[in-house]
1. Step by step: first the residues of region 209-222, then only those that are in contact (Cβ under 8 Å) with a residue 24 or more places away in the chain and surrounded by fewer than 23 Cβ atoms within 10 Å (Cβ to Cβ), then the one that is nearest to Thr249 (Cα to Cα). Which residue is that?
2. Looking only at region 357-382, which residues are assigned to a loop (DSSP other than H, G, I, E, B) and at pLDDT below 95?
3. Does Ala79 satisfy the criteria of being assigned to a helix (DSSP H, G or I), under 30 Å from Ala364 (Cα atoms) and out of contact with any Phe, Trp or Tyr (no Cβ under 8 Å at 6 or more places or on another chain)?
4. Do you know which residues across region 304-341 are aromatic (Phe, Trp, Tyr), in contact with a helix residue (DSSP H, G or I) (Cβ under 6 Å, 6 or more places away or on another chain) and over 18 Å from Gln413 (Cα atoms)?
5. Here is a list of conditions, (1) of a type in the set (A, V, I, L, M); (2) open to solvent by 40 Å² or more (accessible area, probe 1.4 Å); (3) assigned to a helix (DSSP H, G or I), and Leu109 meets all of them except one; can you say which number that is?
6. Could you say whether any residue in region 390-404 is in contact (Cβ under 8 Å) with a residue 40 or more places away in the chain, open to solvent by 50 Å² or more (accessible area, probe 1.4 Å) and farther than 30 Å from Ser327 by Cα?
7. Given the criterion crowded, with 19+ Cβ neighbours inside 10 Å, over 23 Å from the mean Cα position of the chain (by Cα) and of a type outside the set (A, V, I, L, M, F, W, C), identify the matching residue among Asn144, Asn176, Asn152, Asn193.
8. Can you tell me which of (1) loosely packed, with under 15 Cβ neighbours inside 10 Å; (2) under 26 Å from the mean Cα position of the chain (by Cα); (3) among the β-branched types (Val, Ile, Thr) is the one Thr231 doesn't meet?
Amino acid sequence: MRLTVQLAAALLPGLFACGASADDAILEQQELADNRYRELMAEGRNAEAVPAALDVVNLTQQLHGEDAVELGRPLTNLATAQLRNGDLRDAESSYQAAIALLEKHAGFLSMRLINPLVGLGETYIRDEQYAPATEAFEKALHINHVNEGLYNPEQATIRDGLTEGYLGLRDLELANLHQDAQVYAKQHRLGANDPALIAAYAKLGRWYDRSNQMELAQLAYRNAVRLAEQTSSDNSSLLIDLLVAVARTYREQALLPQDTESNQTAASLMAMSSMTLRKALDVVEQKKPPDPAQRARISIELGDLNLMLGKRKTSSTHYQDAWQALSATPDLEAQRDQYFAQPSRIMGPIAPGIFPVPSRKAPAPASKDLEPGFVVVRFDVDQAGRVVNPTVIEADPANLLEQRVTEALARTQYRPRYADAAPAATTGLIYRHEFRYVPRKLKKKGAPPADETNQPLEQPASDDGA
């Protein structure tokens with residue numbers, strides 16, 4: 001891992017002439033190289049940052065030797081540059097070298113181990129090696145707790161890494177634990193009603209939202225709403241954001257397969273979503289004058305909700321209100337176009353992201369066993385937001401997912417494009433569905449064509465389209 005540092009070699013004779021020692025010269029070059037590395041990383045120039053970090057490593061070796069504890073930080077910085085540049089094998093090796101040196105010289109519970117352990121875990125996550133990733137993060141968490149206690153705020157990054165690792169291992173219970181624990185730690189430090197918990201609950205809600213656990217997401221967001229309503233400061237924008245998030249959890253929950261034992265039917269969940277949005281609209285109206293952008297946002301949410309319920313006239317009224325609110329001020333016309341210049345998907349199934357669709361109980365296929373595929377469809381959206389004329393124009397591989405992609409698209413609901421406050425049809429739209437597949441499954445003799453299987457389409461949480 002040694003490099004010739006030309007700049008240092010050029011400057012050394014002059015430095016000696018001035019009475020400076022060789023170590024002083026190397027130390028100066030180390031500082032220059034380290035500053036260069038940090039500048040490149042801050043600018044996102046990761047490929048250039050790698051050799052700069054190597055310079056720092058080599059200069060540190062010259063100063064302290066190849067087995068010195070001082071190499072821990074330079075090796076970690078090198079690994080971070082390699083990770084950001086996508087050099088996963090090199091990053092893994094550099095992080096492991098840093099960890100080995102620090103364990104040897106600083107001890108197995110040194111806080112200096114946390115950064116390289118977290119970096120190693122992130123490297124494994126990027127490489128979809130989830131078991132070793134969780135091992136690295138768990139080790140970092142143990143060191144954190146030993147040195148800082150169970151409720152310290154610095155553990156959040158480590159627990160986020162553990163969440164990703166356990167999600168990759170399909171252990172949702174442990175993934176949840178490491179998000180919940182961050183809220184508990186803040187509650188222990190701040191108390192149950194501190195406004196600082198609003199952000200923690202909102203983050204927890206986003207996690208449950210992302211992992212399609214709508215009832216838990218709703219509970220987290222509602223806790224954030226409760227605290228936001230109790231604060232005396234002007235936080236109406238935050239409260240509106242949280243109320244919209246609650247409304248969406250009701251809506252997404254309504255779109256999931258219904259539990260026959262549940263008292264909450266799809267209709268009642270949609271009604272709760274509408275009621276929550278109207279509460280958010282009341283918050284908007286309380287400000288004098290009301291913010292037209294916030295009012296339009298809620299109107300669009302209500303329009304989407306009613307379109308999902310098949311109430312096209314009501315949804316059109318809400319969309320027209322939003323159009324008018326955003327058209328009244330020239331500064332908001334760009335925002336109006338974001339909502340209405342093109343159709344926006346608001347609900348519907350999507351075709352599988354992996355084919356054949358893996359069983360919920362079986363591990364997902366490894367990335368190395370999968371090949372990329374895609375289907376490209378041209379389609380139109382009518383004035384009611386319905387998809388018409390879906391036509392496959394390209395697919396690779398052919399005769400694999402074309403039928404399922406077109407069927408899913410045909411069942412998709414869009415918010416239509418608006419022109420002059422009126423819904424308008426749109427033609428010639430392009431949808432590209434990318435997926436990965438197991439090639440060997442296509443080579444089985446006697447297997448039916450992929451599109452003739454009876455596997456159901458996946459039904460994910462819908463896209464709000466806003």
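1. The extreme case among them is Met214.
2. Val357, Pro358, Ser359, Arg360, Lys361, Ala362, Pro363, Ala364, Pro365, Ala366, Leu370, listed by residue number.
3. The answer is no for Ala79.
4. none
5. (3)
6. Yes: one or more hits.
7. Asn144
8. So the condition that Thr231 fails would be (2).
The values are calculated or read from the model by the stated rules, or taken from the named source; none is laboratory data. Everything quoted here is computed from the prediction, not taken from an experiment. Neighbour counts run over all protein chains shown; Cβ positions are idealised from the backbone, glycine included. Note: areas computed on protein heavy atoms with side chains; ligands, DNA, RNA excluded. Shrake-Rupley method; radii C 1.70, N 1.55, O 1.52, S 1.80 Å.
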